[in-house]
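Here, each number is a calculation from the coordinates, and none is a lab measurement. Quick caveat, the model's predicted, so the values are computed rather than measured. All Cβ positions, even for glycine, are placed from backbone atoms using ideal geometry, and neighbour counts span all protein chains on display.
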Amino acid sequence: MHTKLVAGNWKMNGLSGDLVEIERLKDGMDAADCEVLVCPPATLIARMHDMAIGSELLIGAQDCHAALSGAHTGDLSAAMLADAGASHVILGHSERRADHGETDALVRTKAQTALDRGLTVIVCVGETEAERDEQRTLDVIGAQLSGSLPDGCLAAHTVIAYEPVWAIGTGRTPTLEQIAEVHGFLRRTLSERFGNEGQEMRLLYGGSVKPGNAAEISALSDVDGALVGGASLKADEFLQIIRAFSDQ
């Protein structure tokens, strides 16, 4: 059994006034039997990290640049994120791939840079609705997995998140059978490439995870946690999801 990880991706949401949700989250985490991570916008990482001191709450980032430093106006390096207090970084999210044209090769380079700076990477993979309709889901995810992960990844610092693009923020979720199929494929593929390390890597499901479906998703084999979007913005909702994964 892997220790479950429930990660909240705040995306481009959150101002100073929203930090009250972190206080509420900390107050409700006492019974959590899983790791809890929040990835806020970069403007809140340092303050959120300071608020989390003395608790089990982990703080992460939503992206990093492939280079450690240099003439890249507006970008943030893995070293900067670690310096601000981040322990994790989300890479290759479908919104980054779509909005910024990020390729598997770029995600792979970012992942290597982040790993070199001591961050744990959460590498995202997932198919579009058209790709699922064309029955290419496993081919697409297999290619993303192969191209986005550097060689030598270790389970202690590598997490994979399956987020079907058509389920993100839509309120739609795949069937339990579809989620189980993809997670089983991920486990086999990672084990073939990384051996025991691949067997031990945690696999998260993301895509319209909410209190109403968290328990049934968390009960699936090879689902080791969740990457939660909108429901992570409010502590009350996020805590319900955390408790669902803690109960498994």
*Select, from ALA7, ALA32, the only residue that is surrounded by 16 or more Cβ atoms within 10 Å (Cβ to Cβ) and farther than 27 Å from MET80 by Cα.*
ALA32
_Filter segment 188-197 down to the residues that are surrounded by fewer than 19 Cβ atoms within 10 Å (Cβ to Cβ) and of a type outside the set (Gly, Ala, Ser) and list them by number._
ARG188, THR189, GLU192, ARG193, ASN196, GLU197
*Give segment 140-189 a look and list any residue that's of a type in the set (Ser, Thr, Tyr) and under 16 Å from ILE122 (Cβ atoms), or say none.*
SER148, THR158, TYR162
*Are any residues in segment 1-46 within 19 Å of ASP75 (Cα to Cα), of a type in the set (D, E, K, R) and touching a Ser or Thr at 6+ places or on another chain (Cβ under 8 Å), and if so, which ones?*
none
*Looking at segment 43-64, which of its residues are surrounded by 17 or more Cβ atoms within 10 Å (Cβ to Cβ) and under 20 Å from VAL159 (Cβ atoms)?*
ILE45, MET48, HIS49, ALA52, LEU57, LEU58, ILE59, GLY60, ALA61, GLN62, ASP63, CYS64
*Of all residues in segment 150-164 being in contact (Cβ under 8 Å) with a residue 24 or more places away in the chain and not aliphatic (A, V, I, L, M), which is farthest from THR109 (Cα to Cα)?*
PRO164
_Subset tally (residues that are within 11 Å of ILE217 (Cα to Cα) and assigned to a loop (DSSP other than H, G, I, E, B)) for segment 158-183_ = 3
_Residue selected from segment 121-144 under the condition of a type in the set (Gly, Ala, Ser) and either out of contact with any strand residue (DSSP E or B) (no Cβ under 8 Å at 6 or more places or on another chain) or in a helix (DSSP H, G or I) (or both), by the criterion farthest from GLY195 (Cα to Cα)_ = ALA130
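Taking segment 198-243 as the region of interest, how many residues are among the hydroxyl-bearing types (Ser, Thr, Tyr) and surrounded by fewer than 19 Cβ atoms within 10 Å (Cβ to Cβ)?
From segment 198-243, those among the hydroxyl-bearing types (Ser, Thr, Tyr) are 205, 208, 218, 221, 232; that's our starting set.
Narrowing further to those that are surrounded by fewer than 19 Cβ atoms within 10 Å (Cβ to Cβ): 221.
Matching residues across segment 198-243 total 1.
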*Residue among GLY118, GLY54, GLY147 that is closer than 25 Å to CYS34 by Cβ, small (Gly, Ala, Ser), out of contact with any strand residue (DSSP E or B) (no Cβ under 9 Å at 6 or more places or on another chain) and in contact (Cβ under 8 Å) with a residue 24 or more places away in the chain*: GLY118
*The listed residue being surrounded by 13 or more Cβ atoms within 10 Å (Cβ to Cβ) and more than 26 Å from ALA61 (Cβ to Cβ), out of ALA130, ALA167, ALA180*: ALA180
*Elements of type helices (runs of 4 or more DSSP H) contained in segment 7-107, each with 2 or more residues being among the β-branched types (Val, Ile, Thr)*: 20-28
